[in-house]
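Below is one structure; the comments refer to it alone.
The values are calculated or read from the model by the stated rules, or taken from the named source; none is laboratory data. Worth saying up front: this structure is predicted, and the values here are computed from it rather than measured. Here the Cβ positions follow ideal geometry from the backbone for every residue, glycine too, while neighbour counts run over all protein chains shown.
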Amino acid sequence: MSEFSRFYNAAPLPAGEQLLEADEAERAALAERFGLVAISALTARITLEPDAENVRAIGRLVAQVLQSCAVSGEDLPVQIDEPIALTFVRAFNLPSTDHEVELSAEELDQIEMDGTRFDLGEAVAQSLALAIDPYLIGPGADEARQRAGIASEGENGAFAALKGLFSSGKS
């Protein structure tokens, strides 16, 4: 079971916008799952629409998270505001083949239902995970690199050796 489960049935769908808001325990569990310091707010407003046998979920995810800088470890507040556009499908019809399968853009955000039930909360949680920058760098990153004796990005790239040649007058 997900840390943020909100189950719905495909028929009948609830009318109007659905408000999903994580409570304190759910936010703490999601923060641990996603390697965040904390999640102080997580809300999604989603409208569910029938689409043949499927269900389309359209809306917006808004979250306030506290995340560590990938370089310095400094805690940084991050505002996440992402659109959500998902389709819950009755069953995947994947071809049985040993060949590579290419998915279309419409198939990328499909989530299989369990019969006629789907977990909109877990879909929101996964959308949050995708919105998190895994390499978030804060304002203290350069100073932390210097203290650790690590060159900044531009100092040891592919052209760093050429810079030394040109600055010393050699060609």
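For region 37-78, a residue qualifies if it is farther than 30 Å from ALA15 by Cβ and either not in a strand (DSSP E or B) or not aliphatic (A, V, I, L, M) (or both), and the qualifying residues are VAL37, SER40, GLN67, SER68, CYS69, ALA70, VAL71, SER72, GLY73, GLU74, ASP75, PRO77. Of the residues screened, ALA25 is not one that is modelled with pLDDT of 95 or more and either part of a strand (DSSP E or B) or not assigned by TED's automatic domain parsing to the domain that holds GLU122 (or both). What is the number of the single condition among (1) modelled with pLDDT of 80 or more; (2) outside any loop (DSSP other than H, G, I, E, B); (3) exposed (fewer than 10 other Cβ atoms within 10 Å of the Cβ) that VAL124 does not meet? So the condition that VAL124 fails would be (3). Can you confirm whether region 127-134 contains a residue that is at pLDDT 85 or above, farther than 22 Å from ALA11 by Cα, among the acidic types (Asp, Glu) and assigned to a loop (DSSP other than H, G, I, E, B)? Yes, region 127-134 has at least one match. Given the condition farther than 15 Å from ALA125 by Cα, surrounded by fewer than 16 Cβ atoms within 10 Å (Cβ to Cβ) and touching a residue at least 40 places away in the same chain (Cβ under 8 Å), answer yes or no: does some residue in region 31-48 qualify? Scanning region 31-48 turns up no residue that is farther than 15 Å from ALA125 by Cα, surrounded by fewer than 16 Cβ atoms within 10 Å (Cβ to Cβ) and touching a residue at least 40 places away in the same chain (Cβ under 8 Å).
With respect to (1) outside any loop (DSSP other than H, G, I, E, B); (2) at pLDDT below 95, the lone exception for THR97 is condition (1). What is the residue count in region 37-66 for residues that are closer than 17 Å to ALA131 by Cα and modelled with pLDDT under 95? Within region 37-66, residues that are closer than 17 Å to ALA131 by Cα and modelled with pLDDT under 95 number 0.
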